[in-house]
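Accompanying notes for the structure given below.
Derivation of every value follows stated rules applied to the coordinates shown; laboratory data play no part. Since the model is a prediction, treat every value here as computed from it, not as a measurement. Glycine gets a Cβ as well: all are built from the backbone with ideal geometry, and neighbour counts include every protein chain shown.
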Amino acid sequence: MNQPQLFNFHGQPTLDSREVAKMIGKNHAHLMRDIHRYINDINPNPKLDSAQFFIESTYEDANGQVRPCYLLTKQGCEFVANKMTGKKGTEFTAQYVSLFNQMQYEQLTHRKPDSYMIDDPVKRAERWIEERKAYEALVPKAKYFDEQMHNPGLMTVTEIAKDYGMSAADFNRLLHDCHIQFKQGKHWVLYQKYAGKGYAQYEGYAYNDNKGVHNNLKWTQKGKKFIHDELAKRSIRPVLEQMDLLPE
């Protein structure tokens with residue numbers, strides 16, 4: 001059996017529910033059913049957030065179909081383990097604790113010490129220079145991110161959908177059917193062949209009193225043109241173009 005792998009989700013180590021299902025010897029569909037029940041039990045409590053345990057996600061199966069799954073945090077694994085009894089529960093606890101602790105150890109051992117912690121003056125100066133270069137490289141990137149992510153030229157899918165006389169939900173499904181985007185958890189994400197081409201950007205927005213951040217997909221002018229051309233290939237055109245094609 002292959003060693004389970006942790007997945008880094010926004011800096012937080014997680015385990016895919018498919019991996020967890022293998023580790024505990026349970027059918028993935030049955031584990032998903034259990035997690036749904038756990039979430040339904042957690043959500044009514046305003047002091048608890050199910051996303052601290054189970055993060056909605058998706059994957060593509062062997063046939064290219066998008067299927068739901070969950071990413072389990074360390075707390076999520078602990079939640080599942082607490083529902084188990086006997087040898088299997090003990091083995092699963094030992095496995096997931098070892099995985100998470102190993103990742104934490106690797107992160108600590110590979111991290112370079114801050115310059116102020118180094119006694120040797122030469123090495124301290126060299127480390128300070130590294131820190132300064134990293135900071136200077138980060139500043140323009142941060143400025144670019146701030147300018148681009150809040151670019152008033154970006155369009156929501158709702159704005160583009162109106163051109164086609166459709167709701168945002170229907171238009172998102174249409175783009176999914178055209179294999180332009182797919183659902184990653186609660187968010188729409190471009191397929192890899194369209195990523196990095198300047199069609200869209202992700203704009204972060206806070207929720208839960210700034211306790212979390214969602215990434216909202218927004219389209220550039222180039223992306224709007226791309227959508228137009230792709231839909232035109234399927235004879236799907238904006239309402240105004242449809243009116244232009246009507247006989248006088």
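Taking the square roots of five times each eigenvalue of the Cα gyration tensor of region 6-110, the equivalent ellipsoid has semi-axes of 20, 18, 16 Å, listed largest first. In this label model, residue 158 and residue 36 are separated by 2.9 nm, measuring between points 7 Å along each Cα→Cβ vector. Averaged over residues, the count of other Cβ atoms within 10 Å places the peptides 164-175, 61-72 in the sequence 164-175, 61-72, highest first. The length gained on full extension between residue 27 and residue 241, counted as 0.36 nm times the residue separation minus their Cα-Cα distance, comes to 72.0 nm.
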